[in-house]
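Worksheet for the structure shown next.
The values are calculated or read from the model by the stated rules, or taken from the named source; none is laboratory data. Model, not experiment: these values are computed from the prediction. Neighbour counts are summed over all protein chains in view; Cβ atoms, including those assigned to glycine, are modelled from backbone coordinates with ideal geometry. The protein model used for the area step is the full one, side chains on, heavy atoms only, and it has no ligands, DNA or RNA in it. Shrake-Rupley method; radii C 1.70, N 1.55, O 1.52, S 1.80 Å.
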Amino acid sequence: MATATASTNPSASASTPSASASTLASASASASASASFAFPREYHFPAFYTRQTNLTTLHAQRTKWSALILAYARHHRIFRLALSSAADTDLFFNRRLDRRLNADDIRDVVDFMRKDGRAEYVGGGSSGDVVFLFWRKPDEWAGLVETYVDQSGQKGSVLTVYELVEGDGTKGTDIHGMDTEVLLKALNVIVKRGKAQIFGQDDSLGVKFF
């Protein structure tokens with residue numbers, strides 16, 4: 001998926017690979033990547049790719065697309081979706097059927113997901129090309145980080161954002177390799193709870209846990 005979002009990482013340049021590795025581009029670069037994901041039965045029905053006119057059916061269709069996007073993103077650890085090229089990816093284009101969800105309908109589903117807190121345009125606002133996909137919401141990631149800090153005995157310690165994303169200490173956890181901006185959203189939730197403090201500059205952000 002093109003050049004999506006690698007340049008939007010606010011942390012150290014050394015952690016840029018985590019952001020670029022978590023776009024839909026890398027997960028859908030080959031057919032083998034998608035082959036390991038079990039698509040739901042709706043994915044194989046032509047009508048799934050046509051926007052329904054009945055409001056009840058349309059809501060069900062949006063719900064199923066939202067669930068598919070989040071499941072696919074979780075499976076491949078995708079944190080960002082570039083809407084300008086999304087329709088060409090395996091997620092939205094069923095090559096066996098030669099059917100795809102068009103760009104306008106993809107945006108419609110994304111707007112549906114935004115209302116549920118499951119998507120957000122990078123940079124904020126109500127439009128844009130790249131969106132965050134929250135297969136875990138920021139507060140859910142915050143809980144995961146807090147659990148890691150508790151279990152690893154690091155309350156009172158200072159950790160850099162880079163250490164959390166790329167360090168050996170988080171290997172084997174879902175924190176390792178996550179998108180830096182999504183992690184910062186989670187850390188800000190912990191700050192609001194009064195359990196952490198973020199300090200430093202963009203290239204050397206650190207966080208102290210209480």
**Prompt:** Under the condition of being of a type in the set (D, E, K, R) and without any contact (Cβ under 8 Å) to a residue 24 or more places away in the chain, which residue from region 159-183 is nearest to GLY123 (Cα to Cα)?
**Reply:** GLU163
**Which numbered condition SER204 misses (of (1) modelled with pLDDT under 95; (2) within 16 Å of GLY143 (Cα to Cα))** = (2)
**Message:** Just the residues that are of a type in the set (Gly, Ala, Ser) and assigned to a helix (DSSP H, G or I), please, taken from region 47-87.
**Reply:** ALA47, ALA60, SER66, ALA67, ALA71, ALA73, ALA86, ALA87
**Asked** Which of the residues belonging to region 77-113 are crowded, with 18+ Cβ neighbours inside 10 Å, of a type in the set (Phe, Trp, Tyr) and free of Cβ contacts under 8 Å to residues at least 60 places away in the same chain?
**Response** PHE92, PHE112
**Asked** If you check GLU146, GLU163, GLU181, which single one turns out to be open to solvent by 10 Å² or more (accessible area, probe 1.4 Å), closer than 30 Å to LEU83 by Cα and assigned to a helix (DSSP H, G or I)?
**Response** GLU181
**Prompt:** Of all residues in region 184-210 being in contact with an Asp or Glu (Cβ under 9 Å, 6 or more places away or on another chain) and touching a residue at least 24 places away in the same chain (Cβ under 8 Å), which is most open to solvent (accessible area, probe 1.4 Å)?
**Reply:** ARG193
**Message:** Condition (residue is under 15 Å from LEU133 (Cα atoms), at pLDDT below 95 and part of a loop (DSSP other than H, G, I, E, B)) applied to region 10-24: is it met by at least one residue?
**Reply:** yes
**Prompt:** Among (1) in contact with a strand residue (DSSP E or B) (Cβ under 9 Å, 6 or more places away or on another chain); (2) touching a residue at least 40 places away in the same chain (Cβ under 8 Å), which single condition is LEU144 missing?
**Reply:** (1)
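Return yes when LYS137 is without any contact (Cβ under 8 Å) to a residue 24 or more places away in the chain and either in contact with an Asp or Glu (Cβ under 8 Å, 6 or more places away or on another chain) or within 21 Å of ARG80 (Cα to Cα) (or both) and no when it is not.
On the way: without any contact (Cβ under 8 Å) to a residue 24 or more places away in the chain: yes; either in contact with an Asp or Glu (Cβ under 8 Å, 6 or more places away or on another chain) or within 21 Å of ARG80 (Cα to Cα) (or both): yes.
When the stated conditions are applied, LYS137 passes them.
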